[in-house]
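Taken together, the values in this text are just the output of simple stated rules run on the coordinates, not laboratory data. As the structure is a computational prediction, the values presented were derived from the model and not from experiment. Please note: Cβ atoms are built from the backbone with ideal geometry, for glycine as well, and neighbour counts cover all protein chains shown.
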Amino acid sequence: MTEEASTKDRLVQAATRLFRQRGYDGTGLSEILAEAGVPKGSLYHHFPEGKADLACAAADWTAGEIVRVIDDSFHAAPDWRHGVTTFCYKMAKLFDILNSADACPIFGLMFDGPDQARFRIHAEAAFTRIIAGASHYAQTLGMPPDTAHDMAETFIIGFQGGWTLARVRRNSDVLRSLPTRLYGPASA
């Protein structure tokens with residue numbers, strides 16, 4: 001059982017890296033299998049619809065990782081602004097580790113692949129999960145549910161745009177400056 005989970009995880013993580021770097025259409029199954037170090041039969045055992053299933057799993061894995069960063073950023077934050085700032089700095093560090101060239105595999109799903117409607121719906125669910133994670137902390141910090149959702153959604157919209165602009169400029173400072181751009185200068 002552990003071996004199967006390990007093989008599945010390797011496939012998802014390899015696909016995530018490659019989709020991020022090359023996009024869905026630019027990534028072949030043979031490249032994913034080679035990167036993961038697994039035989040072709042393992043792919044179809046875990047992902048019966050092949051590359052399309054794997055792309056959805058990559059989006060789910062990425063959403064889970066982003067929610068984990070949200071959790072790490074907000075769990076001890078005294079207010080929304082501090083949580084957002086911590087998140088942006090953590091993601092800027094990730095951006096630097098990834099050498100700024102990588103795209104978001106969730107975003108890529110909306111436009112790439114053979115079944116755009118399926119991918120768009122799956123990508124929307126992934127973003128909904130991320131927004132819900134941020135909204136949870138906004139509510140924990142005292143915001144009413146509707147306000148919390150709006151704040152979280154606005155933040156994630158801003159972050160997604162910030163990530164794109166940082167990629168274009170190849171400069172993670174775009175992400176570090178996002179809290180000021182969204183909420184004005186921090187109060188002393």
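Tabulated values for the structure
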read-out	value
Cα-based reach from residue 40 at 16 Å (exclusive), listing lysines while leaving out same-chain residues under 8 positions away	8, 51
Mean separation of Cα contacts under 8 Å (6+ apart) over length of the chain, as relative contact order %	23
Listed residues 122, 75, 46, most fluctuating in the chain (Gaussian network, C-alpha, under 10 Å)	75
Projected label distance in nm at residue 21 and residue 99, using a 7 Å step from Cα toward the beta-carbon	0.8
Alpha-carbon centroids, the range 1-50 and the range 126-184: separation in whole Å	30
Rg and Dmax [Cα atoms of the range 51-182; Å; Rg one decimal, Dmax integer]	14.6, 45
Dipole of the chain, positive direction: furthest Cα of 97, 152, 30, with charges on the beta-carbon	97
Among 73, 135, 30, residue whose mean-square fluctuation peaks in a GNM of the chain (springs only between Cα atoms under 10 Å)	30
Phi to ³J(HN,Hα) by Karplus 6.51 cos²θ - 1.76 cosθ + 1.60 over the range 44-50, Hz, x for Gly, Pro	6, 5, 8, 9, x, 9, x
Mean Kyte hydropathy of -1.0 or more with a Cα span along the axis of at least 20 Å, helices from DSSP in the chain	51-74, 80-97, 116-140, 145-169
Selection from 46, 163, 13 lying farthest towards where the dipole of the chain points positive, charges on Cβ	163
